[in-house]
Amino acid sequence: MNEPQPEPKRIYATIIIGLLWLLFLGIWLFFYASSYSIIQNIAVFIISLVVVGALIVPIWLPWSFKQNKPLK
């Protein structure tokens, strides 16, 4: 097959970002969520997803551009 493999640092960075995101959500839910309405808590969740995406996309975008597979 000889498929190109991503560098381990990209994989580790993605795992670390994911774990930090889960840690943030846990801390938010236990200590801060009760002070805000459900709509505000949903907004915090969505904003945190956007931040995580903004961190992960630049990590993987250069690797994906190096792939020469055509879209089906």
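Compute the long axis of helix 8-27 from its Cα atoms, compare it with the longest principal axis of the Cα atoms of the chain, and write down the angle in degrees, 0 to 90, nearest 10.
10 degrees
Show that you can apply the helix-only estimate: for the chain, add -39,500 (n - 2.57) for every DSSP H stretch of four or more residues, divide by all residues, and state [θ] at 222 nm to the nearest 500.
The per-residue figure over the chain is -23500 deg cm²/dmol.
List the lysines whose alpha-carbon lies under 19 Å from that of Lys9, not counting same-chain residues fewer than 8 positions away?
Answer for Lys9, where 19 Å is the Cα cut-off: Lys66, listed by chain and number.
What do you get for the angle between helix 38-65 and the principal long axis of the chain? Use alpha-carbon atoms, 0 to 90 degrees, nearest ten.
Tilt of helix 38-65: around 10 degrees.
No value in this document is a laboratory result; all are computed from the given coordinates. What you are looking at is a predicted structure, and each value in this text was computed from that prediction instead of being measured.
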